[in-house]
Each structure stands twice: as C-alpha cells, then as structure tokens.
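Just below is one structure, and these are the notes that go with it.
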Amino acid sequence: MAGLVPAIADQQRADVRVAAANDDPAFVQVVDDNVENLPTADLQCPGDWQDLVYYLKRAPLKPDLFVVQQISGRTQLNSYLSRLSNDLGEAYAGVIADASPAAMNSPCGPPKDHQTNAVIFRKARFTDRGLDARTWQAQSNESGSCANNDQARTKAVKVRLHDKIANKDLTVASVHWATAQSGGGTACSEANARETAAELTEDGYGGSLLIFAGDHNVSDVGGGSFRPWYRLLNGDEGGTLGFRDAAHAGCGGDKGCLGDNWTIGGDRRIDFLFARKPSGGLPGVTGFHTITFDEGDAADQAETGSDRGDRNYSDHRAVMARIHY
C-alpha cells in the first residue's frame with residue numbers, strides 16, 4: 001500500500017481541464033483542508049492558495065462538499081465561495097462557525113489573526129435544512145481537566161443537508177482541535193472524539209451519512225502504534241465510535257502508506273476525513289487521495305502558464321475521497 005499518494009491515477013489527468021459535476025446518487029465527493037487563511041507569496045507566513053483551487057478545477061469531479069479550517073471569517077469565506085463558483089462553473093454556498101472571529105495574535109501576523117471553520121457545499125446538489133445549534137467548542141486541558149477551549153479557531157460547525165440527487169439527508173462538520181501549546185494535542189483528544197461523534201446526531205442532526213473532517217492537531221500514530229483517540233474513533237480498528245477514516249480505508253490500514261499520506265511537516269498526519277452511517281455501519285470509501293503540493297503547482301502551471309514552485313497552497317496537504325451512502 002505504500003506510495004498511495006501518487007498512485008491514484010484518476011485524480012489528476014493532463015487531458016481533464018474542467019471537473020465534472022457528480023450526479024451519482026451513490027456517493028458524495030468530499031475534500032478537506034486547513035486553508036491557512038489563503039496565504040499569498042508576500043506574507044510573513046507565505047503560500048500560494050490558488051494552487052488548490054486550480055487542482056480542484058482540473059480534477060475528474062468537482063467537490064460536492066469542501067470542509068475547511070482556518071478561514072478568516074464570513075467576508076473571506078464569501079470571497080472564496082465566489083472564486084470556487086467561478087472556477088468550477090457552478091454555485092457553492094457555505095456555513096461558518098463564527099462570522100467575525102476574535103483575534104488570536106497569530107505569530108504569522110494580522111493575516112492569520114482571525115481563524116474559524118466552515119463547511120462548503122455544492123448548491124446544485126444540496127439544500128441546507130437550516131437547523132439551529134450549529135456550533136460547539138472543542139475541549140482542551142484547562143487546569144488539569146478537559147473543558148471548552150476559548151479560542152475562536154476551535155469552534156466547530158455542523159450542517160444538515162438534503163441531497164437532492166440521492167434524496168437523502170446527511171450531516172457534515174468541520175473541526176479544528178487545539179494545539180498542544182493550547183492544551184490540546186493528545187490531551188482531551190478522546191473527549192473531543194466522543195463529543196464530535198455525539199454532536200453529529202444531536203439537535204435534529206443526523207441523516208443517512210455522518211461526516212466530519214478537520215485539523216485535529218494530534219497524529220494518528222505515536223511510538224509506532226495507533227493513539228487511543230484514533231482507535232476510539234476508527235471502526236476498522238475496533239473503535240466503539242465506529243467511524244471510517246478515509247485514509248485508513250484507502251491504505252488498508254498500512255502504517256507505511258498512512259505515513260506517506262502525511263498532511264503537515266512531511267511526517268505527520270493530523271488532518272482527517274471520517275464518516276459513519278447512523279446505525280454505526282462503515283460507509284464505503286473509494287478514490288482516497290492526498291493532494292500533494294507538487295500537484296497543486298502543476299495545476300497552477302497548467303491553468304495560468306506560471307507558478308511559484310517555492311510556495312505551497314497551505315502548510316497542510318488536502319485530502320479527498322468518495323464517501324458512499
């Protein structure tokens with residue numbers, strides 16, 4: 001299973017220039033990424049965020065769902081939605097955890113001071129059921145016990161959507177757990193796993209699929225073994241919360257393959273895409289892929305004729321998969 005990242009042949013083909021809409025009622029196409037406040041080349045913490053948009057434009061299928069972390073607020077989300085809609089050729093909408101998040105004094109300066117999370121969806125496929133109680137706060141270690149973290153960026157958001165093609169409902173959430181420096185990491189990771197699983201069916205949420213994705217700020221593997229929080233969530237590893245990790249499914253559980261699918265720092269996987277059926281059953285997962293920075297560069301080059309190869313679309317590599325009902 002090692003080397004899965006470059007092996008998914010249908011994710012990027014030179015002859016595909018505009019992604020097709022997914023009208024298959026059997027599955028939804030899902031992408032997740034911490035977009036790092038859409039970094040540009042001239043920032044203190046630089047990047048080239050447009051690479052990922054160009055990749056998505058050229059992939060075989062447009063995302064039905066795009067789960068994002070670290071968007072600056074409603075204004076930036078609206079701008080991003082406009083860009084996605086323009087490049088992908090149809091309208092996208094999004095729900096956000098905090099329209100105007102409080103500043104966190106980021107070490108990367110003002111462009112990353114305001115951070116929140118969102119779920120983006122393709123309007124041709126989904127309608128928002130408009131339920132209340134959309135947000136909750138991730139937990140962190142506060143004076144020796146797990147309690148709600150107070151950072152704007154750790155507020156999660158969920159949405160119940162109606163799939164007009166499949167005629168089914170599903171709930172989708174975006175999470176961003178606290179860093180180890182803010183009481184997160186391994187601390188309270190099991191509490192966050194339990195809380196997230198519960199939130200997906202509370203307050204009228206639920207449906208035929210439960211999907212959550214995000215930046216967990218804690219890796220799946222430590223000391224060569226799966227960490228307790230990850231085993232608790234992962235039904236393929238006997239976890240009682242009964243979710244399927246898209247990468248684990250794509251890799252057949254092989255830790256070498258999972259390592260190849262790192263999402264940050266070249267060696268750690270802290271960004272995850274999980275899904276479950278409401279009964280606790282494990283949904284089918286196909287087409288798992290980690291979108292490499294080189295693939296983003298190539299897409300930019302193909303679309304525009306140039307690229308800043310020394311700038312990545314984020315500090316985090318995006319993950320994508322087809323999640324089946």
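The values are calculated or read from the model by the stated rules, or taken from the named source; none is laboratory data. Nothing here was measured: the structure is a model prediction, and the numbers come from that model. Heads up, the Cβs are rebuilt from the backbone with ideal geometry, glycines too, and the neighbour counts pull from every protein chain shown. All accessible areas refer to the heavy atoms of the entire protein, side chains included, with ligands and DNA or RNA removed. Shrake-Rupley method; radii C 1.70, N 1.55, O 1.52, S 1.80 Å.
Quick notes on this structure:
- Just one of (1) open to solvent by 60 Å² or more (accessible area, probe 1.4 Å); (2) touching a Ser or Thr at 6+ places or on another chain (Cβ under 8 Å) fails for Gln137. It is (1).
- Once the range 153-181 is narrowed to residues that are of a type outside the set (A, V, I, L, M) and closer than 19 Å to Ile71 by Cβ, the residue that is surrounded by the fewest Cβ atoms within 10 Å (Cβ to Cβ) is Thr179.
- Looking across Gln11, Gln76, Gln29, one residue alone is surrounded by 21 or more Cβ atoms within 10 Å (Cβ to Cβ), modelled with pLDDT of 95 or more and not hydroxyl-bearing (Ser, Thr, Tyr). It is Gln29.
- Which listed residue is in contact with a helix residue (DSSP H, G or I) (Cβ under 6 Å, 6 or more places away or on another chain), under 18 Å from Val175 (Cβ atoms) and part of a loop (DSSP other than H, G, I, E, B), from Leu241, Leu273: Leu241
- Residue satisfying all of: in the range 266-325; in contact with a Lys or Arg (Cβ under 8 Å, 6 or more places away or on another chain) and polar (S, T, N, Q); nearest to Gly256 (Cα to Cα) among these: Thr290
- Restricting attention to the range 84-106, the residues that are under 21 Å from Phe126 (Cβ atoms) and either surrounded by 15 or more Cβ atoms within 10 Å (Cβ to Cβ) or modelled with pLDDT under 95 (or both) add up to 10.
- Odd one out for Ala93 among (1) part of a strand (DSSP E or B); (2) within 19 Å of Asn217 (Cα to Cα): (2)
- Residue in the range 249-263 that is modelled with pLDDT of 95 or more, open to solvent by 30 Å² or more (accessible area, probe 1.4 Å) and under 20 Å from Gln69 (Cβ atoms) present: yes
- Candidate set: the range 279-307, residues that are at pLDDT 95 or above and part of a loop (DSSP other than H, G, I, E, B); chosen: the one surrounded by the most Cβ atoms within 10 Å (Cβ to Cβ): Pro283
- Any hit, the range 176-192, residues being in contact with a helix residue (DSSP H, G or I) (Cβ under 6 Å, 6 or more places away or on another chain), in contact (Cβ under 8 Å) with a residue 12 or more places away in the chain and closer than 23 Å to Asp128 by Cα: yes
- From the list Arg129, Arg134, the one residue that fits, being basic (Lys, Arg) and within 20 Å of the chain's Cα centre (by Cα), is Arg134.
- Of all residues making up the range 114-128, the number that are crowded, with 22+ Cβ neighbours inside 10 Å and assigned to a loop (DSSP other than H, G, I, E, B): 2
- Residues satisfying the criterion are present in the range 218-235 (criterion: out of contact with any Gly (no Cβ under 8 Å at 6 or more places or on another chain), assigned to a strand (DSSP E or B), modelled with pLDDT of 95 or more and within 20 Å of Pro278 (Cα to Cα)).
- Leu131 vs. criteria open to solvent by 30 Å² or more (accessible area, probe 1.4 Å) and touching a residue at least 40 places away in the same chain (Cβ under 8 Å): yes
- Failed item in (1) in contact (Cβ under 8 Å) with a residue 24 or more places away in the chain; (2) assigned to a loop (DSSP other than H, G, I, E, B); (3) out of contact with any Ser or Thr (no Cβ under 9 Å at 6 or more places or on another chain), with Arg311 passing the rest: (3)
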